[in-house]
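Here the structure comes first, spelled out in C-alpha cells, and everything after it is commentary.
Every number here is computed from the coordinates shown, using simple stated rules; none is lab data. Just so it is clear, the model here is predicted, and its values are computed rather than measured. Here the Cβ positions follow ideal geometry from the backbone for every residue, glycine too, while neighbour counts run over all protein chains shown.
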Amino acid sequence: MTARTSQRSLSRPWALVLAFLGLLAVSASAAEQSYYDNSMLDMMEFMRRGQAQLDLEALDNGRKLLTKYDFIVVGAGTAGCALAARLSENPKWKVLLLEAGGPESYAMDMPIVAHYLQLGEMNWKYRTEPSASYCLAMNNNRCNWPRGKVMGGSSVLNYMMYTRGSRRDYDRWAELGNPGWSYRDVLPYFRKYEASNIPDADPGPTRPGRQGPVKISYTEPRTRIADAFVRASQEAGMPRGDYNGETQLRVSYLQANVYNETRWSSNRAYLYPLKGKRTNLHVKKNALVTKVLIDPQTKTAYGIMVQTEGRVQKVLARREVVVSAGAINTPQLLMLSGVGPAKHLREVGIKPIADLAVGYNLQDHIAPAAVRLLEEPAFRAIGARLLEKRLPGCSHLRWRSSDYWACHARHFTFTIYHYSGTAKMGPSSDPAAVVDARLRVHGIRNLRVADASIMPHLISGHPNGPVYLIAEKAADMIKQDHNYVL
C-alpha cells in the first residue's frame, strides 16, 4: 500500500507543472518567446530550491579534499559517476570524483522540462563557430551545443532515449585494432548496467539485463502521434521489434532511461544508493579541474589542479587519473595539460609533453526533419502534413528535390548532442589514436580517458547507453591492471 501511494503522489508535481505550462502557453501566444523561456526558468528555480532541503545527492558537497587519493576521476557525468562508483567497490582504494557543476535537483528529473534545462546553469552553453555551411537558419549562423554541467552530466540534460547501437559498430571498433571491444566482448557490460523493464524485449542471448543500476522502460503515456510513427514505419517497410535486441533495424515505442515517470540519470543510478555507505568515495561539486599534473621527464600523471571554493589546489593520485569530462571538455583538459597536437600547443603557449591527435575526429549526429513518414497512411489518418513553405535561402531550388533538402539541412542543422571521438581509441600505429584499447593515453603512464571521446566511430544510435558500457568496461580494466580480483 505504501509503495502504491508513493507512486500516485509522484503525479501531483507533474499536474502542477502541466498546469503551469498550460498557463505559460496561453501567455506565450501574446508574448515574446523570451518571456516564456524566462518564466519557465523561474518556475524551475523555484522547484529546485523547494526540493533543496531533501538533498538526494549521494555525498557531501562540503567535504574537505585529502591531499592524495588512489584514483581521481574528472567529471561526474554519465561515465564518471559509474566509474567512480565501481572503483570505490574496493574499500582499500580512496576515490575522488570531481564535478564542475552543482547538484542534480528534483526539477531536473522531470522529463517535460528537458528542453529548458539547456537554458540554465546546468549547461556549459557551448555554441558552434559561425559558418557559411551549416546552422544557416540560426542566430548568427551558430547552433547551440548543450553539454551537462551538473552531477550526472549530460544524462541529466539529454532526452533520455536508450539505444545500444548496432552490433556492427562494436565489431568495427575491434577491427580497427582494439581487442576486447567487439559486440560479443561488450554485450556482458550492457547487461551488467541495465535494469530493463521492457516486457517484449528479445529473449535470446542479446536479452537486456534486469538487475543493473540503470533503469530502462517504455515512455508513458503513449500518444496517437507515437502510435502513428510506429505504424507509419511499418508501412514504410520497417519490421516491428526490440531495436536493442538481436537485430537493430526495427521500430518500436521509445525505450528510455526513466522510472516512475522520472528521469534516471547516472547520478541517480550509481551514486544515490551509496549515500552514507561508501566512505572511501569522496565527491566534490563546483570543482573545476584546470590541469592534469604530468611529470615531463617520466611522462607520468600524478595528480590534478582543481579550482574550488575560490582557490586553486593540488590533489595527488597514487595510482591513476581518469578523465571523464566528455567529448568537448576531455580534449580541452588534455591539451591544457600538455597532451595534444604539439604545433597547436606551442602556438598557445603550452609546452607539449605528448604529441597526440587530441581534439580531432569529432563526430556528431545531425537530424534534419523526416518527410517520408508523413506520407504514410498512419500519419495521413491523423491529419499530419508537410508545411509547404520554402526556406528563403533555398527558394531557388526545386521544391522537395535532393538539392532542396540538402540546402534545408544546411539551414536547420539540428545537433542531437552526440559528440564523440575526440580522444580516439586505437593502436599506437594509428596516427589519429589518443588512447589504447585499455583506454590508457599513449605515451603517458597513469592517465586514462573513459567517456564518449574514445569512440573511434560514433555508434548508430544514442550514445548515452554505450557511454555506460565504456565506464563499466574501464572500471574492470583498471581493477585488473591494479590486481583487484573481479
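Quick notes on this one:
- Legend note: in the chain, cysteines whose Cβ sits 4.7 Å or more from every other cysteine Cβ are Cys81.
- Rounded FRET efficiency, nearest 0.05, which uses the C-beta distance separating Lys275 from Thr300 and R0 of 41 Å: 0.75
- In the chain, the DSSP-assigned H stretches of four residues or longer account for a calculated mean residue ellipticity at 222 nm of -9000 deg cm²/dmol, using -39500 (n - 2.57) per stretch and the full residue count as denominator.
- Label-to-label distance, nm, for residues given as Asn260 and Arg380 (7 Å Cα→Cβ offset): 4.6 nm
- Efficiency of FRET between Arg142 and Val485 - r from beta-carbon atoms, R0 45 angstrom, step 0.05: 0.35
- The range 375-435 - convex hull of alpha carbons, volume per residue in Å³: 184 Å³
- Cα principal axis extents for the range 246-302, largest first, Å: 55, 36, 21
- Once both labels are positioned 7 Å from their Cα atoms along Cα-to-Cβ, the gap between Glu235 and Tyr360 label points is 4.8 nm.
- Three-way shape call for the range 132-225 based on the alpha-carbon gyration tensor, with the a/c threshold at 1.5: oblate
- Compared with the direct C-alpha span, the chain from Arg372 to Ile112 gains 90.9 nm at full extension, assuming 0.36 nm per residue.
- Cα-based Rg of the chain normalised by 2.2 N^0.38 Å, two decimals: 1.00
- Ranking of Ser182, Ser429, Ser105 by neighbouring Cβ atoms within 10 Å, starting from the fewest: Ser429, Ser182, Ser105.
- Between helix 326-336 and the chain: long-axis angle, C-alpha atoms, 0 to 90°, nearest 10: 40 degrees
- Rounded tilt (10° steps) of 402-411 against the dominant C-alpha axis of the chain: 60 degrees
- Separation of the Leu176 and Lys389 label points, Cα + 7 Å toward Cβ, nm: 4.1 nm
- Gained length - Tyr126 relative to Ala342, 0.36 nm times residue gap less alpha-carbon distance: 75.3 nm
- Pairwise centroid distance, computed over Cα atoms, of the range 411-477 with the range 164-192, Å: 13 Å
- Residue pairs exceeding 26 angstrom between C-alpha atoms, taken from Lys215/Lys285; Lys64/Lys473; Lys314/Lys473: Lys64/Lys473; Lys314/Lys473.
- The range 240-395: antiparallel DSSP beta bridges as a percent of all, rounded to 5: 85 percent
- From the C-alpha gyration tensor of the range 345-408, square roots of 5λ in Å: 45, 17, 9
- Legend: calculated FRET efficiency, Thr290 to Phe414, from the Cβ-Cβ distance at R0 = 41 Å, rounded to 0.05, equals 0.80.
- At full extension, Arg168 and Val312 could sit 47.3 nm farther apart than now, given 0.36 nm per residue minus the alpha carbon distance.
- Partner lysines whose Cα lies under 24 Å from the Cα of Lys343, excluding those fewer than 8 positions away in the same chain, are identified as Lys291, Lys299, Lys351, Lys424.
- For the range 72-130, a Kirkwood hydrodynamic radius built from all Cα pairs, placed in the Stokes-Einstein relation at 37 °C and 0.692 mPa s, yields a translational diffusion coefficient of 240 µm²/s.
- Exposure proxy ranking for Glu320, Glu235, Glu99, Glu175, based on other Cβ atoms within 10 angstrom of each Cβ and starting from the fewest, stands as Glu175, Glu235, Glu320, Glu99.
- Overall shape: prolate for the range 255-340, with the ratio a/c of the largest to smallest alpha carbon gyration tensor axis at 1.5 or above and a/b above b/c.
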